Amino acid sequence: MKMIKKTLITLLAALATAPAMSESMYDKFRDPNANTMRAFIFVSMKLSDTTLIALARDSRRAGVGLVLQGFIHEGPRGLEDTKARIADINRACCNNNVANWQINPILFKRYEVKAVPAFVIAKGSGNSSTDFSKVSGEMSLGTALKFFAQESRIPDIKKRAGQVYYQTFAGQD
C-alpha cells in the first residue's frame, strides 16, 4: 500500500509540473472544415448541351464544382462515356481550363436534390438543413448567387454569396 501511495504521489507531482497542452483533445479532433463554405452545382447529363456548357463556364469562373449523381448509363462503358461527355463539355466551355466535375450521389442525398440544375452553398459539413442554402431551376450561377445573397436564411452564406457574385459576375447581367 505504501508503494502505491508513493507511486501516486510521484505521478501527481509529474502531472503538476508538466507543461500545459496548447490544445485540448477536442481541438485535435475538431472538423478542420467547420468554418469553411463550399458551393456545388448539381447537374444531369440529361440537361441540354447549351445549359451544361453555360453552367460549366460559370463553374470554372467561380471555382464551384459540378456534381453528377451517377454515370450517363449503367454498363461496362458507363464511366468511359461519362468521361467523354464531360471532356466534350469542358472543351466547348473552357478549352484547356476545365471545370471541376465529380460523381457523388451522397451529396445529392445530403442536400435533398430532387431537380437539376440545383445550386447549394454549405457551411461547414453541411450535414444539417441549418448549414446550407439551396435553390433549383433553370438559371445561371450568377442568378443563383444573387438569390442566396438576398434570400438565404444563413447570414454567413448570404454574405459570401454576395462577395462571390460581385467578384465574379457583377456587371454581366
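The values are calculated or read from the model by the stated rules, or taken from the named source; none is laboratory data. This one's a predicted model, so the numbers in the text were calculated from it and none came from an experiment. Here Cβ is always computed from backbone atoms with ideal geometry, including for glycine, and neighbour counts include all displayed protein chains. Keep in mind that these areas ignore ligands, DNA and RNA; they rest on the heavy atoms of the full protein, side chains included. Shrake-Rupley method; radii C 1.70, N 1.55, O 1.52, S 1.80 Å.
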> Which one is nearest to ALA62 (Cα to Cα), of the residues in the stretch 76-99 that are of a type outside the set (Val, Ile, Thr) and in contact (Cβ under 8 Å) with a residue 12 or more places away in the chain?
Replying inline: ALA99
> Name the residues in the stretch 151-173 that are of a type in the set (Ser, Thr, Tyr), in a helix (DSSP H, G or I) and modelled with pLDDT of 90 or more, would you?
Replying inline: TYR165, TYR166
> Inside the stretch 71-83, can you point out the residues that are under 19 Å from PHE108 (Cα atoms) and either part of a strand (DSSP E or B) or open to solvent by 30 Å² or more (accessible area, probe 1.4 Å) (or both)?
Replying inline: PHE71, ILE72, HIS73, GLU74, LEU79
> Can you tell me how many residues in the stretch 128-148 are assigned to a loop (DSSP other than H, G, I, E, B) and in contact (Cβ under 8 Å) with a residue 40 or more places away in the chain?
Replying inline: 2
> Counting only residues that are open to solvent by less than 80 Å² (accessible area, probe 1.4 Å) and either part of a loop (DSSP other than H, G, I, E, B) or hydrophobic (A, V, I, L, M, F, W, C) (or both), how many does the stretch 99-115 have?
Replying inline: 9
> What residue, among those in the stretch 60-70 that are open to solvent by less than 70 Å² (accessible area, probe 1.4 Å) and within 16 Å of SER136 (Cβ to Cβ), is modelled with the lowest pLDDT?
Replying inline: VAL64
